[in-house]
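Worksheet: the structure to be examined is printed underneath.
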Number of protein chains: 2
Amino acid sequence: MANVFLPKGMRDLLPQQMIHRQRVIGAIQQVFTRHGFEPLETPAMERIETLTGKYGDEGDKLIFKVLSRGEGGKEGLVDQALRYDLTVPLARVIAMNPQLSLPFKRSQIQPVWRADRPQKGRFREFYQCDVDVVGAPCGLADAECIAVVHDALLALGFTDFTIRLNHRAWLRALAVAVGAADREVELIVAIDKLDKAGREGVGRDLLARGFLPDQVQRLWALLDGASLPGAEQADAELDRVEALALGLGVSPARLRRDRSLARGLDYYTGPVFETVLTDGAVGSVSGGGRYDGLIGMFSGRDIPAVGVSLGLERLLVLMEERGMLAASTTSTQVWVTVFDEACEPAALQAVTAFRQAGVPAEISLTEGKLGKQLKAADKRGVRWVVIAGPDEVAAGQVKLRDLRDGQDLALPLADAVARVVAGG
Amino acid sequence: MANVFLPKGMRDLLPQQMIHRQRVIGAIQQVFTRHGFEPLETPAMERIETLTGKYGDEGDKLIFKVLSRGEGGKEGLVDQALRYDLTVPLARVIAMNPQLSLPFKRSQIQPVWRADRPQKGRFREFYQCDVDVVGAPCGLADAECIAVVHDALLALGFTDFTIRLNHRAWLRALAVAVGAADREVELIVAIDKLDKAGREGVGRDLLARGFLPDQVQRLWALLDGASLPGAEQADAELDRVEALALGLGVSPARLRRDRSLARGLDYYTGPVFETVLTDGAVGSVSGGGRYDGLIGMFSGRDIPAVGVSLGLERLLVLMEERGMLAASTTSTQVWVTVFDEACEPAALQAVTAFRQAGVPAEISLTEGKLGKQLKAADKRGVRWVVIAGPDEVAAGQVKLRDLRDGQDLALPLADAVARVVAGG
């Protein structure tokens, strides 16, 4: 290999991976469409002013900046940058397209770029997979976001998951109730770790941060308690969202109120939710919530919004680990061999007949012994091989070999096509 | 609207456009798969050295450069750039993945970025839609590229197209035969304009460039003639490619040898082809050819290759102009209204039943009078509206309204679903 490589954190998606990705993205897209979310794509590049200041100081450092090109000596100016997420672009689209009817339900599946330190399984280019409802108040819109995640995970074959549900106002009331209204963020960050660290670990952490033992005790009591002063509206909203989600077909066994769910700090204002697999092996596979202050930032209007993101890259890893992806490494079902030049017309006719019947079919592109061609077909993972040698051509037939059991059948081409279409 | 806009040459693809794009790309992808081309995606960013020097001086200027980010004070270094086409990345993939079996048939549908001067209908981000066969000599691989374009255009609904076919060696022999071996490029550039300028215009151009009247006359004679000294192998290769393409189902009426087809200058080495619509209104909608010198550039090996690109953006414009895109502006088929809070459970049940039957369905997200909800459904372009008011709920039915004719039907929910699934 010559001196070629990719920039740090970049990767190719080769056919074996792409075939799985296309199926998974296709299945998710189909559920999004079924739920009435309409597709949007935004350009890879935004103006730098559109992006900076939206993701915190740390986020700002991870934005990829692009040199502008163009006439008039403007080359070298850094005035555009690569998309960092799909939410800020959505806010910009809403501001630039006042003709869009609200509520606007949109789905968006596109790559984003972040100059994070690359790690195993973490790349600087990765797909986000978002649905959002813009312009609808708390209630059915939030339930729709929960239902679409529920149905998308089912469509992918997941059954053992729980959607955790909480409310940002509940967390705010909690901070007030333990006498730490001014330290809400710190408290939430600590609580967010309960899943992993347990009460002992989180309690130690809070004490180390200067919280009093009494505050920590009150915290546990409130988390266990039935109600919380100041959280009445939040509780009522969650009751309603939960009831609506169940009405939209979400399984009650898969929806759980969880008062320790914090789910980010910055922009959520209402219900928050995330999905975890019941075996608990990994973090969340989806997360979202209501963020009524964000979408209007470019419009100068107050626009309520709620959305959820599916962790596509993590889902793909999980599906591979669990053997949920089809074993096939190719979409091609039939490999037509070329016996010799005299038999070539029969091979052309055969591959064309399969394709016209909608069956993905290949024809050997390089001359070579039949054994070599069969080996190539097998290596590719194709199930069916077609052989049209002099005997078959003379008899007006083809030989159809099932590589799963090595059985041969001699039959007219049309019958071979029908057999493969019928799945054997 | 606040002060928000997009960088020059960038655009959003709103749902009405996306719905058409997804259908068109889906149809093309399906044909690519049927023909055994396997999907590949490469990252948006390549190392700058991978891209520079590959697209000529003019091309180099149009490459978008990205500032590197990262630890160790390396910020500000310009060492990566955005993908400019899909061919150079393919060459890099081949070099970096010696495990890939050749011949390798790959399809790739991804955006590329070029800092061209934006014009009406021309953007700095646009999709390319390529198939290539890497590692197969001239012959069947070239015919496969012609056949896949042929079948993709048919799948999109085009019937009035011609695939023009020529050979780079034929053009070289032509230059030799008119005594201009050292001015081959100039001659090809001039000939390439025959379609638009005619012989009169091209002849004038050649004379102005210092070609002799005798050379111009010889040129016309050779273009009209049956054979050309030195072009025997090119003719034989074209004969074979043409015969193979017909064997793969390409209509003879849609394939035309055209000795004036030049198709780019730089890297083609064998057959070249492009597709024009018969009404001649626009330029080509696809183009490609054999380029045996390019793919090996990073590998240090000689690797034959042939490929073709579909002009996705141009095809979309043409399909819109010709009314070939479905009139519907939404994928959503059913809009479920919410009569009042008491009837909400029936509405939730209805929208869920449609979705579970695979029918894209919406539910009104904001409260409001029924008339307003119906208006929203109509504006969205949905065909069916479901109303579940107190009377319907009491009767265990829903009202199904066909917005195409305004007819109402009262029937059980399951029957309404069955009716919509059956298409009315």
Output ordering of A:27-40, A:107-120, B:324-337, A:319-332 (per-residue mean of other Cβ within 10 Å, highest first) is A:27-40, B:324-337, A:107-120, A:319-332
Quick calc: nm separation of the 7 Å Cα→Cβ label points for A:Thr162 and B:Gln407 -> 5.1 nm
Listed by chain and number, the residues whose amide H is under 5 Å from that of A:Phe161, excluding neighbours fewer than 5 places away on the same chain and using placed H, are A:Thr278
FRET efficiency (B:Glu58, B:Asp214; Cβ distance; R0 25 Å; to 0.05) is 0.15
Among A:Arg257, A:Arg168, A:Arg301, the residue with the largest mean-square fluctuation in a Gaussian network model of chain A built from Cα contacts under 10 Å is A:Arg301
Segment A:22-62 and segment B:344-399 have their Cα centres apart by a whole-number Å value of 29 Å
With the 1.4 Å probe rolled over protein heavy atoms, chain A has an accessible area per residue in Å² of 41 Å²
So, with points 7 Å from each Cα along the Cβ direction, the A:Gln99-B:Gln356 label distance in nm works out to 3.9 nm
In a Gaussian network model of chain B with springs linking alpha carbons closer than 10 Å, the residue among B:Leu207, B:Leu248, B:Leu277 that fluctuates most is B:Leu207
Expressed in nanometres to one decimal, the distance between label points 7 Å along Cα→Cβ at B:Val176 and B:Ala342 is 9.3 nm
Rounded to one decimal in Å, the inverse mean reciprocal Cα-Cα distance for the protein assembly as shown, i.e. its Kirkwood radius, is 30.2 Å
About its Cα centre, the protein assembly as shown carries a charge dipole, from +1 on Lys and Arg Cβ atoms and -1 on Asp and Glu Cβ atoms, whose size in debye to the nearest 20 is 620 debye
Rounded to the nearest 100 Å², the accessible area buried between B and A, both sides, probe 1.4 Å, is 8400 Å²
Everything considered on the Cα gyration tensor (a ≥ b ≥ c; rounded for a/c under 1.5, else prolate if a/b is larger than b/c, else oblate), segment A:336-386 must be described as oblate
With a Förster distance of 60 angstrom and the Cβ-Cβ distance between A:Gln119 and B:Ala243, calculated FRET efficiency to the nearest 0.05 equals 0.65
Sorting from shortest, the nanometre distances separating the label point of B:Ala422 (7 Å past Cα along the line to Cβ) from those of the same residue in the other copies are 2.8
Excluding ligands, DNA and RNA, the carbon-plus-sulfur percentage of the accessible area of segment A:334-421 with a 1.4 Å probe reads 51 percent
Total charge of the residues flanking A:Phe37 in space, meaning their Cβ is under 11 Å from its Cβ, with Lys and Arg +1 and Asp and Glu -1, is -2
With the label point 7 Å along the Cα-to-beta-carbon line of B:Lys379 and a cut-off under 16 Å to each amide N, the hits in segment B:1-36 are B:15-16
Given unit charges at Cβ for Lys, Arg (+) and Asp, Glu (-), the dipole magnitude of chain A about its Cα centre in debye, nearest 20, is 540 debye
Taking placed amide H atoms and a strict 5 Å upper bound, the residues 5 or more places from B:Val338 or on another chain that come that close are B:Ser364
Largest fluctuation, A:Phe126, A:Phe64, A:Phe339 only, Gaussian network model of chain A with Cα springs under 10 angstrom, belongs to A:Phe339
Here P(r) for segment A:15-321, Cα-Cα distances in 20 Å bins, as whole percents, is 30, 58, 11, 0
Helix-only [θ] at 222 nm, chain B, -39500 (n - 2.57) per DSSP H run of 4+, per residue, nearest 500, equals -12000 deg cm²/dmol
Taking every other residue with Cβ under 11 Å from the Cβ of B:Ile387 and scoring Lys and Arg +1, Asp and Glu -1, one gets -1
Averaged over residues of A:249-260, the number of beta carbons from other chains lying within 10 Å of each residue's Cβ is 1
The distance between the Cα centres of segment B:75-103 and segment A:120-152, in whole Å, is 32 Å
If each K or R counts +1 and each D or E counts -1, the residues other than A:Asp408 whose Cβ falls under 9 Å of its Cβ total +1
By the Cα gyration tensor axes a ≥ b ≥ c (a/c under 1.5 gives rounded; else a/b larger than b/c gives prolate, otherwise oblate), the shape of segment A:334-421 is rounded
Length-normalised contact order of segment B:117-267, Cα under 8 Å, at least 6 apart, in percent, tallies to 41 percent
Lys pairs in chain A with Cα under 24 Å (8 or more apart in sequence, or on separate chains) total 15
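The values are calculated or read from the model by the stated rules, or taken from the named source; none is laboratory data. These numbers were taken from a predicted model, which means no experiment stands behind them. With ideal geometry, Cβ positions are generated from the backbone for all residues, glycine too; neighbour counts draw on all protein chains shown. Accessible surface is based on the protein model in full, side chains and every heavy atom, while ligands, DNA and RNA are left aside. Shrake-Rupley method; radii C 1.70, N 1.55, O 1.52, S 1.80 Å.
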